[in-house]
1. Taking 0.36 nm per residue of separation and subtracting the Cα-Cα distance, what length does fully extending ASP93 through GLN109 add?
2. Do any trypsin sites (Lys or Arg not before Pro) in region 114-169 lie in a loop, going by DSSP, with at most 14 other beta-carbon atoms within 10 Å of their beta carbon, and if so which?
3. Stretch ASP332-ASP3 to full length: gain in nm at 0.36 nm per residue minus the Cα-Cα span?
4. At what distance in angstrom do the alpha carbon centres of region 174-215 and region 104-136 lie from each other?
5. Using every pair of alpha-carbon atoms in region 90-249, split the distances into 10 Å bins beginning at 0 and state the percent of pairs per bin, rounded to integers.
6. Mind grabbing the base-10 log of I(q)/I(0) for region 152-201 at q = 0.15, 0.20, 0.24, 0.25 Å⁻¹? Debye formula, identical points on the C-alpha positions, no solvent, two decimal places.
7. Among the chymotrypsin sites (Phe, Trp or Tyr not before Pro) in region 128-229, which ones are in a DSSP loop with at most 12 other Cβ atoms within 10 Å of the Cβ? Mind listing them?
8. For PHE183 and ARG141, what does the FRET efficiency come to when R0 = 45 Å and r is the distance between their Cβ atoms, rounded to the nearest 0.05?
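Nothing in this text is a laboratory measurement; each read-out follows from the coordinates by a stated rule. None of these values were measured; they are calculated from a predicted model. Here the Cβ positions follow ideal geometry from the backbone for every residue, glycine too, while neighbour counts run over all protein chains shown.
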Amino acid sequence: MFDNLREKIAKVLTPLRSRQLSESNIQDAMREVRNALIDADVAFNVVTEFVQDVQSQAVGQSVSRSVQPGHAFVRIVHDSLVKVLGETSNGLDLGGGNIPNVVLMAGLQGVGKTTTVVKLAKWLKESESKSVSVVSADVYRPAAIEQLGALAEQANVEFISSKQRDRPDSIAKLAVKIARKSFSDVLIVDTAGRLAVDEEMMEEIVRLHKVLNPRETLFVVDAMTGQDAANTARAFDEALPLTGVVLSKADGDARGGAALSVRSITGKPIKFLGTGEGLDGLEPFHPDRIASRILGMGDVLSYLEEAEKKVDKNKAERLAKKIFRGSKFNLDDMRDQLKQFSAMGGVEGFKDMLPDLDPSSVKMKGLDDDQMKRQCVIIDSMTLYERNFPAVLDSSRKRRIADGSGVQINEVNLLLRKYRQLEKQMKRAGRKGNKMLQRLEMAQAMNQGRRHR
């Protein structure tokens with residue numbers, strides 16, 4: 001979402017990192033940053049406040065001798081961005097005594113609200129260990145109820161059925177009773193959207209709010225609509241006591257204006273970012289991490305959290321034991337590593353999370369996402385024997401594999417070269433790991449001996 005903004009701000013701030021700061025070059029830099037923010041469709045009053053905040057802190061500031069002035073300036077910009085985005089991460093407040101805790105979802109039509117309902121249910125179930133039910137009170141959009149039911153089945157969360165002929169407030173009352181009987185911790189209620197804010201829509205959702213008395217009232221907004229998203233959120237906040245915002249479609253061609261405007265305009269925290277079409281595509285919003293991404297400072301913590309969720313720990317453990325025991329690293333192992341890396345967002349996701357990573361340096365090493373997918377297909381085109389014993393791959397076998405995977409024979413050769421490099425690295429890691437294991441076993445044996453004495 002922030003790619004264009006990040007590139008423009010990097011062009012302004014990178015030269016300043018190694019320079020002595022002056023009032024003149026600070027003003028020049030902030031003029032360029034201001035233009036970049038306006039181009040990203042950030043609300044004008046938000047841009048103005050941000051620029052004034054940075055300038056007031058930077059001009060005349062004394063900087064520690066151990067820190068370059070340019071780096072100190074980048075830190076000021078970072079801290080001001082965090083302030084605009086909300087300073088602290090705000091999770092869901094589900095600590096009430098009532099069961100179920102109700103989460104009411106509001107938003108315009110077409111923003112991805114129904115998908116976000118199920119993404120949130122799945123996230124609560126897997127990350128927070130909550131039992132979750134979902135229900136649709138949208139009796140206007142054709143197949144809205146059926147869509148929620150189908151997505152809930154995919155996510156393996158409880159779906160409470162409703163009918164289009166029923167009134168939304170009746171659906172809500174019955175859903176609370178059913179969720180209470182089934183001991184659901186959380187009930188998420190999907191509501192009807194409209195193409196624009198209208199009086200009828202607001203009256204209906206206000207009635208639903210009174211009936212449900214929800215613990216959380218979240219406004220789902222399309223990140224691709226820029227500062228208009230923040231203005232729409234403000235209109236909803238005037239009618240409802242919103243507790244937070246979810247930015248959907250944050251992985252699309254969004255300029256970042258919504259994220260940087262919505263907190264300042266509504267005063268409500270952004271709680272989640274929706275990314276991708278898959279039901280796993282929801283992540284908690286961390287203002288400090290997003291600010292670091294915008295400034296090219298990376299977001300390693302988010303990457304590690306993503307790895308924790310998506311890496312197959314059993315496969316990783318099996319591979320580690322195999323390597324430490326000196327067993328041979330084969331092409332099946334390589335394919336598993338490529339697939340795990342892709343599951344975490346691949347090269348593009350990796351680049352977003354690491355500080356100042358030059359995209360061209362990644363592609364020079366042949367680490368683009370399309371090539372990784374082709375390499376998996378090439379390995380799948382081999383027999384089990386060939387994957388276990390790559391040394392048998394002569395020219396005729398390579399030609400057959402290339403034909404079977406739809407690539408040129410030079411791509412098969414490239415894959416095998418990478419495999420041999422990885423194999424050497426794994427051998428070195430195995431020798432080090434084996435020594436560590438031997439030392440650990442020796443230490444354990446000595447400790448046992450002391451206890452017996």
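1. 3.2 nm
2. On the way: sites: LYS119, LYS122, LYS125, LYS130, LYS163, ARG165; in loops: LYS130, LYS163, ARG165.
Counting only loop positions with at most 14 other Cβ atoms within 10 Å, the trypsin sites (Lys or Arg not before Pro) in region 114-169 are LYS163, ARG165.
3. Numbers: separation 329, 0.36 × 329 = 118.44 nm, distance 3.47 nm.
Here the answer is 115.0 nm.
4. Distance between centres, Cα-based: 12 Å.
5. The percentages, shortest bin first, are 11, 45, 37, 7, 0.
6. Here log10 of I(q) over I(0) equals -0.52, -0.82, -1.01, -1.06.
7. In loop regions of region 128-229 (DSSP not H, G, I, E or B), the sparsely surrounded chymotrypsin sites (Phe, Trp or Tyr not before Pro) are PHE183.
8. For PHE183 and ARG141, the calculated efficiency is 0.90.
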